[in-house]
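If you scroll down you'll find the structure; I have some questions about it.
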């Protein structure tokens, strides 16, 4: 599959639009900074913006002052780990979504297509139901990450034939593996007690409520590696948008690039799912919105999707904490409530532009 040709004189894939891209990048960065500061201050215990800036400056050795014991503890032990984790998880999911859409040549693709989310869920559910605790509080996180990564690599290996992997085969294999993982989760839940079922349900709905600096450090290396590698393939993804055969004629090793980027997607998404549970639609909606705003060029789309995903998750987590206070809504519910109607609109819009699916 390939992207439809741009309409109404729009820029072709890879065309640079420095003015609009620069403005959008600056706007996303400014909005993300503002939203992060708001998220650090708002909640059951409110911390004024001036106090947040003073405490940050004090910790960085740039002046400022330490806060009193309670606000200092709330800020550094509760709020900031959650905000930073939302930044990393959202940035990872957004960038992974943009990579998936580029690799598959389809703006409706997302990381869950290749089984990373369902694979991670199998590992987490197995840990919870079987009562595994070999790694203490890290057991669920480690098992979710490992099983998500193994699932993606298995999907890729099973869809490979004759030294090549076709996109359609990869998608269909991912669908089959997702169904198999769903069946495994169902069997595990059938044997679980009520306490385990409650814990599994909470994990599957997605949340950052248990954010700690330890979890931030667990996600950080994978997020940094993935976000650093992804832009290196921006030009080759632009060429792939023309079709596999033209891309090969222009010197792109499509199979090698696909393997590398599927691995990057697996690392980014597995790490995110492991610490936050399943959070849908971020990897689907954010890249598509940015593609609509600035065109399909991946030099902007990849970093822009990381910024946009981080912004979406920080804002979503803030809403989850404050909309129904003192109760807290699962973050995955917030993203699904917003993402589902948008996805339906996206399908209708795509079908209308293409004159139907046939």
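The values are calculated or read from the model by the stated rules, or taken from the named source; none is laboratory data. Not measured: the values here are computed from a predicted model. So basically every Cβ, Gly included, is an ideal-geometry build from the backbone, and we count neighbours across all protein chains shown.
Identify the residue in the range 225-243 that is without any contact (Cβ under 8 Å) to a residue 60 or more places away in the chain and touching a helix residue (DSSP H, G or I) at 6+ places or on another chain (Cβ under 7 Å) and, among all such residues, is surrounded by the fewest Cβ atoms within 10 Å (Cβ to Cβ).
The qualifying residue surrounded by the fewest Cβ atoms within 10 Å (Cβ to Cβ) is 225.
How many residues are touching a helix residue (DSSP H, G or I) at 6+ places or on another chain (Cβ under 8 Å) and either under 14 Å from residue 299 (Cα atoms) or surrounded by fewer than 18 Cβ atoms within 10 Å (Cβ to Cβ) (or both) if we restrict to the range 16-40?
Qualifying residue count for the region: 10.
Has the range 331-340 got any residue that is within 29 Å of residue 166 (Cα to Cα), in contact with a helix residue (DSSP H, G or I) (Cβ under 9 Å, 6 or more places away or on another chain), without any contact (Cβ under 8 Å) to a residue 60 or more places away in the chain and part of a helix (DSSP H, G or I)?
Within the range 331-340, one or more residues are within 29 Å of residue 166 (Cα to Cα), in contact with a helix residue (DSSP H, G or I) (Cβ under 9 Å, 6 or more places away or on another chain), without any contact (Cβ under 8 Å) to a residue 60 or more places away in the chain and part of a helix (DSSP H, G or I).
If you don't mind, another one. Being modelled with pLDDT of 90 or more, farther than 17 Å from residue 115 by Cα, under 11 Å from the mean Cα position of the chain (by Cα) and surrounded by 22 or more Cβ atoms within 10 Å (Cβ to Cβ), is that true of even one residue in the range 269-289?
Looking through the range 269-289, at least one residue is modelled with pLDDT of 90 or more, farther than 17 Å from residue 115 by Cα, under 11 Å from the mean Cα position of the chain (by Cα) and surrounded by 22 or more Cβ atoms within 10 Å (Cβ to Cβ).
Okay, next question. All but one of (1) under 15 Å from residue 314 (Cβ atoms); (2) at pLDDT 90 or above; (3) surrounded by 12 or more Cβ atoms within 10 Å (Cβ to Cβ) hold for residue 73, so report the exception by its number.
It is condition (1) that residue 73 fails.
Now a separate question. Kindly indicate whether residue 159 is touching a strand residue (DSSP E or B) at 6+ places or on another chain (Cβ under 8 Å) and in contact (Cβ under 8 Å) with a residue 12 or more places away in the chain.
yes
Here is a follow-up. In a helix (DSSP H, G or I), within 30 Å of residue 209 (Cβ to Cβ), over 23 Å from the mean Cα position of the chain (by Cα) and at pLDDT 90 or above, is that true of residue 50?
The answer is yes for residue 50.
Please state which one of 89, 103 is part of a helix (DSSP H, G or I), closer than 30 Å to residue 185 by Cβ and either modelled with pLDDT under 90 or in contact with a strand residue (DSSP E or B) (Cβ under 7 Å, 6 or more places away or on another chain) (or both).
Among 89, 103, only 103 is part of a helix (DSSP H, G or I), closer than 30 Å to residue 185 by Cβ and either modelled with pLDDT under 90 or in contact with a strand residue (DSSP E or B) (Cβ under 7 Å, 6 or more places away or on another chain) (or both).
Within the range 179-202, does at least one residue satisfy the condition of being assigned to a helix (DSSP H, G or I), closer than 24 Å to residue 94 by Cβ, in contact with a helix residue (DSSP H, G or I) (Cβ under 9 Å, 6 or more places away or on another chain) and at pLDDT 90 or above?
Yes, that holds for at least one residue.
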